[in-house]
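Colleague: Mind having a look at this structure? Questions to follow.
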Amino acid sequence: MRILLAGGAGYIGSHTALALLRAGHEVTVIDNFVNSSPEAIRRIENLAGKQVSLIRGDVRKKTDLLPVLKNGGFDGAVHFAGLKSVGESLQKPILYYRNNIDTTLTLLECMEETHLSSIIFSSSATVYGSNNPVPYREDMPRGLCTNPYGTTKSMMEQIFHDAAAANPELSVVLLRYFNPIGADSSGRIGEDPQGIPNNLMPYIAQVAVGRREKLTVFGGDYPTPDGTCQRDYIHVSDLAQGHLKALEYAVSHTGCEIFNLGTGTPYSVLETVRTFEQVSGVKIPYVIGDRREGDLPACWADASKAEKILDWKAERTLEDMCRDAWNWQKNNPMGYETLHKS
Ligand code: NAD
Ligand code: WQD
């Protein structure tokens with residue numbers, strides 16, 4: 001297949017690009033590098049021994065995107081292009097609504113004009129909101145999100161539903177990711193957050209490599225077995241394989257389908273810290289701090305729909321996720337080194 005990855009230079013997009021190349025597909029990436037580096041693409045090409053067609057462009061701009069679709073001869077597209085920081089979205093809501101919604105609308109308009117009919121969308125477990133019981137199933141209603149980032153995901157899901165309802169040729173797969181962590185086992189590509197990491201695994205990895213002094217565990221008094229929050233961490237390479245299965249599904253179906261991509265097994269913050277310590281042999285100093293506003297005590301997937309319909313199941317363990325995150329971080333202590341660091 002020939003696949004367009006919008007935002008394909010980022011963390012999940014780069015791992016998906018590598019999985020696609022390794023499976024023999026052709027990959028085009030369009031990215032404006034607002035949160036990524038072209039170095040990731042260079043490394044993917046090196047790992048796969050194949051070329052990626054790379055376009056520096058803004059997915060919001062039809063003048064950037066339409067020529068790519070017109071000339072691409074694509075079988076499908078994956079829409080990763082978005083801003084993803086929960087905290088930043090509270091500070092800069094307009095930026096988040098503008099970027100995330102506009103990329104989606106422009107992509108759908110250009111797809112319509114060029115008769116490209118299969119699209120996979122990077123959605124998030126955050127759309128379940130705070131009132132659904134765990135584990136989350138795809139047939140539960142979307143909930144109210146506590147931040148603009150989450151609301152953009154929920155709004156974009158609605159846009160895709162409406163577009164698919166209006167166009168019988170369109171095939172949309174909404175993938176609700178749980179907590180992607182880890183890196184390709186080569187240690188050549190991985191997660192490279194700008195500034196102080198918001199997310200747990202990059203923070204732990206930066207403590208391990210000496211870039212941060214200690215981890216603050218956000219809350220130790222949750223109604224969970226050890227008092228810290230539980231999450232469904234999923235290896236990014238398993239997640240990437242899920243996109244291949246979703247693309248195969250999308251090109252042979254129409255309509256709009258939702259799939260959770262998680263392991264179905266929750267781990268607490270402290271279990272994750274201990275596992276990282278075991279596989280890396282590095283002690284992670286931590287303190288138990290206040291709860292972080294908006295955090296849910298527990299979040300995990302019912303992952304059975306993707307297994308039944310897509311024939312996809314996460315294979316890698318929490319040990320694998322921590323080992324690969326550490327392998328990436330220790331080999332690239334400053335990430336790709338082309339982004340602004342603090
Ligand atoms: P990322 O920031 O590493 O990747 C997003 C990519 O999109 C970046 O390369 C960025 O430069 C690009 N981009 C952003 N706006 C763009 C625009 N207007 N034009 C062109 N390129 C643009 O994030 P990621 O972790 O790889 O996430 C990919 C997608 O998955 C995002 O939509 C994110 O919201 C979603 N998601 C991520 C997680 C997670 O925990 N990482 C969880 C659930 C959903
Ligand atoms: C995991 C756990 C924290 C950092 C976020 C988004 C979600 C999705 C995935 C995009 C929580 C705790 C964290 C730290 C800590 N992204 N933690 N100290 O919040 O589950 O999900 O990323 O769609 O929408 O909200 O992930 O990695 O930030 O936190 O104790 O320094 O680690 O409280 O329990 P989260 P996370």
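Colleague: Could you check how much of the accessible area of the chain is carbon and sulfur, as a whole percent, using a 1.4 Å probe? Kindly include the intermediate steps, with their values, before the conclusion.
Modeller: Values: 7050 of 14600 Å².
Of all accessible area on the chain, carbon and sulfur atoms account for 48 percent.
Colleague: A further question on this structure: If amide H atoms are built 1.01 Å from N in the plane of the peptide, which residues on other chains or at least 5 residues away come under 5 Å of the amide H of Val29?
Modeller: Leu5, Ser53, Leu54, Ile55
Colleague: Please compute the length gained on full extension between Asn71 and Gln194, using 0.36 nm multiplied by the number of residues separating them and subtracting their Cα-Cα distance. Please report the intermediate quantities before stating the final value.
Modeller: Working: separation 123, 0.36 × 123 = 44.28 nm, distance 3.32 nm.
So the extension gain works out to 41.0 nm.
Colleague: For the chain, what is the accessible area per residue in Å², given a 1.4 Å probe and the full set of protein chains? Please report the intermediate quantities before stating the final value.
Modeller: On the way: 14600 Å² over 342 residues.
Here the residues of the chain average 43 Å² of exposed surface.
Colleague: Here is a further query. Enumerate the amide H contacts of Cys256 below 5 Å, restricted to partners 5 or more residues apart or on another chain; note that Pro and chain-start residues carry no placed amide H.
Modeller: When sequence neighbours closer than 5 places are left aside, the close amide H contacts are Val172.
Colleague: With a cut-off of at most 15 other beta carbons within 10 Å, and DSSP calling the residue loop, which trypsin sites (Lys or Arg not before Pro) in the range 249-292 qualify? Please list them.
Modeller: Values: sites: Arg274, Lys283, Arg291, Arg292; in loops: Lys283, Arg291, Arg292.
Within the range 249-292, the qualifying trypsin sites (Lys or Arg not before Pro) (loop, at most 15 other Cβ atoms within 10 Å) are Lys283, Arg291, Arg292.
Colleague: Further, regarding this structure: Looking at the chain, identify the longest residue range that excludes and avoids all GluC sites (Glu not before Pro) in DSSP loops having at most 11 other Cβ atoms within 10 Å.
Modeller: Numbers: sites that count: Glu169, Glu213, Glu293, Glu315, Glu337.
It works out to 1-168.
Colleague: Using only helices, what value at 222 nm comes out for the chain when you add -39,500 (n - 2.57) per DSSP H run of length 4 or more and divide by the total residues, to the nearest 500 deg cm²/dmol? All intermediate terms of the calculation are to be shown ahead of the outcome.
Modeller: Details: 10 runs with 132 residues, N = 342.
Helix contribution divided over all residues of the chain: -12500 deg cm²/dmol.
Colleague: Need the C-alpha centroid separation for the range 139-181 versus the range 78-136, integer Å.
Modeller: Value for the Cα centre distance between the two parts: 7 Å.
Colleague: Need the full-extension length gain, Ser186 to Glu213, defined as separation in residues times 0.36 nm minus the C-alpha distance. One decimal, nm. Working shown, then result.
Modeller: Values: separation 27, 0.36 × 27 = 9.72 nm, distance 2.68 nm.
My answer for the length gained is 7.0 nm.
Colleague: Using modelled amide H (1.01 Å from N, peptide plane; none on Pro or chain starts), what sits under 5 Å from the amide H of Ile181, excluding residues fewer than 5 places away?
Modeller: Ile234, His235, Val236
Colleague: In debye, nearest 20, what is the charge dipole magnitude of the range 84-216 about its Cα centre with +1 on Lys and Arg Cβ and -1 on Asp and Glu Cβ, if you could check? Intermediate values should be presented prior to the final figure.
Modeller: Working: 11 positive and 14 negative charges, 149 e Å.
My answer is approximately 720 debye.
Colleague: From the Cα gyration tensor of the chain, with a ≥ b ≥ c the square roots of its eigenvalues, which class applies: rounded if a/c is under 1.5, or else prolate if a/b is larger than b/c, or else oblate? If you can, show how the numbers build up before the last one.
Modeller: Values: a/c = 1.63, a/b = 1.33, b/c = 1.23.
Prolate, because a/c is 1.5 or more and a/b exceeds b/c.
Colleague: Between Val287 and Glu337, take the C-beta separation as r, use R0 = 35 Å, and let me know the FRET efficiency to the nearest 0.05. Walk me through the numbers on the way to the answer.
Modeller: On the way: r = 30 Å, r/R0 = 0.84.
Efficiency computed from Cβ-Cβ geometry: 0.75.
Colleague: Would you kindly state how much longer the chain becomes between Lys330 and Leu90 on full extension, computed as 0.36 nm times their sequence separation minus their alpha carbon distance, in nm to one decimal?
Modeller: Numbers: separation 240, 0.36 × 240 = 86.40 nm, distance 3.19 nm.
Length difference between fully extended and current span is 83.2 nm.
Colleague: Which of rounded, prolate or oblate describes the range 221-335 when judged by the alpha-carbon gyration tensor and an a/c cut-off of 1.5?
Modeller: On the way: a/c = 2.56, a/b = 1.53, b/c = 1.67.
Oblate is the answer for the range 221-335, as a/c is 1.5 or above yet b/c matches or exceeds a/b.
Colleague: Next up: Given the peptides 1-11, 158-168, arrange them by the average over their residues of other C-beta atoms within 10 Å, most packed first.
Modeller: Numbers: 1-11: 25.2, 158-168: 14.5.
Ranked from most to least packed, the peptides come out as 1-11, 158-168.
The values are calculated or read from the model by the stated rules, or taken from the named source; none is laboratory data. Only a predicted model underlies this, so the values are computations on that prediction, with no experimental measurement involved. With ideal geometry, Cβ positions are generated from the backbone for all residues, glycine too; neighbour counts draw on all protein chains shown. For the accessible areas, the whole protein counts, side chains as well, though only heavy atoms, and no ligand, DNA or RNA atoms are used. Shrake-Rupley method; radii C 1.70, N 1.55, O 1.52, S 1.80 Å.
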